[in-house]
Amino acid sequence: MINLLIYIGSFVGMELIAWFTHKYIMHGFLWKWHKDHHVPNPKSHLQKNDYFFLVFASPGILTIFLGTYMEMAYMLAVGLGITSYGFAYFVIHDVFIHRRLKWFRSSRFSYLKAITRAHKVHHKKMYKTDGECFGMLWVSSKYLK
């Protein structure tokens, strides 16, 4: 039971980390990686922004490895929570919102519509500063209307 709570806490905690990282690092000193996500090159399917996948996947890989190798169930739960969040982020952000893979069509679910609206608001800003809506899975109630 405790490992399930650790898993859920890790998943939820990643939303907070993703928000902070997106606002202060991706729109901060690593804007040079993230900029092409806001101003994409139509000739390239890949973006410098995709480097963040490797950065964000590393803690999940490391904690899964340590949890398995050192037989620490709580560490494995942390790694699985981080990795599950990463998968959810990929499906919602890259597949559902940006349609980088054509797996889904638009949704009738108000929550998914709200996430899409909030993300469009975020992308209205083509610059490093003055952005809003930095999270992914948590969305303000104003976008649910």
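The values are calculated or read from the model by the stated rules, or taken from the named source; none is laboratory data. Because the structure is a prediction, the values reported are computed rather than measured. Virtual Cβ from ideal backbone geometry, glycine too; neighbours counted across all protein chains shown.
Table: residues versus (1) of a type in the set (Asp, Glu); (2) farther than 18 Å from Ala88 by Cβ; (3) surrounded by 14 or more Cβ atoms within 10 Å (Cβ to Cβ).
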{"residue": "Phe20", "(1), (2), (3)": "no, no, no"}
{"residue": "Trp33", "(1), (2), (3)": "no, yes, yes"}
{"residue": "Val39", "(1), (2), (3)": "no, yes, no"}
{"residue": "Lys43", "(1), (2), (3)": "no, yes, no"}
{"residue": "Gln47", "(1), (2), (3)": "no, yes, yes"}
{"residue": "Asp50", "(1), (2), (3)": "yes, no, yes"}
{"residue": "Gly60", "(1), (2), (3)": "no, no, yes"}
**Item:** Conditions (1) loosely packed, with under 13 Cβ neighbours inside 10 Å; (2) without any contact (Cβ under 8 Å) to a residue 24 or more places away in the chain; (3) of a type in the set (Val, Ile, Thr): number failed by Thr68
**Value:** (1)
**Asked** Any residue at all in segment 17-39 that is of a type outside the set (S, T, N, Q), assigned to a helix (DSSP H, G or I), farther than 20 Å from His122 by Cβ and modelled with pLDDT of 90 or more?
**Response** no
**Asked** Among (1) in contact with a Leu (Cβ under 9 Å, 6 or more places away or on another chain); (2) at pLDDT 80 or above, which single condition is Ser84 missing?
**Response** (1)
**Request:** Mind listing whichever residues of segment 71-89 are out of contact with any helix residue (DSSP H, G or I) (no Cβ under 7 Å at 6 or more places or on another chain) and either surrounded by fewer than 15 Cβ atoms within 10 Å (Cβ to Cβ) or charged (D, E, K, R) (or both)?
**Result:** Glu71, Phe87
**Qualifying residue in segment 13-26 (condition: of a type in the set (D, E, K, R) and touching a residue at least 60 places away in the same chain (Cβ under 8 Å))** = yes
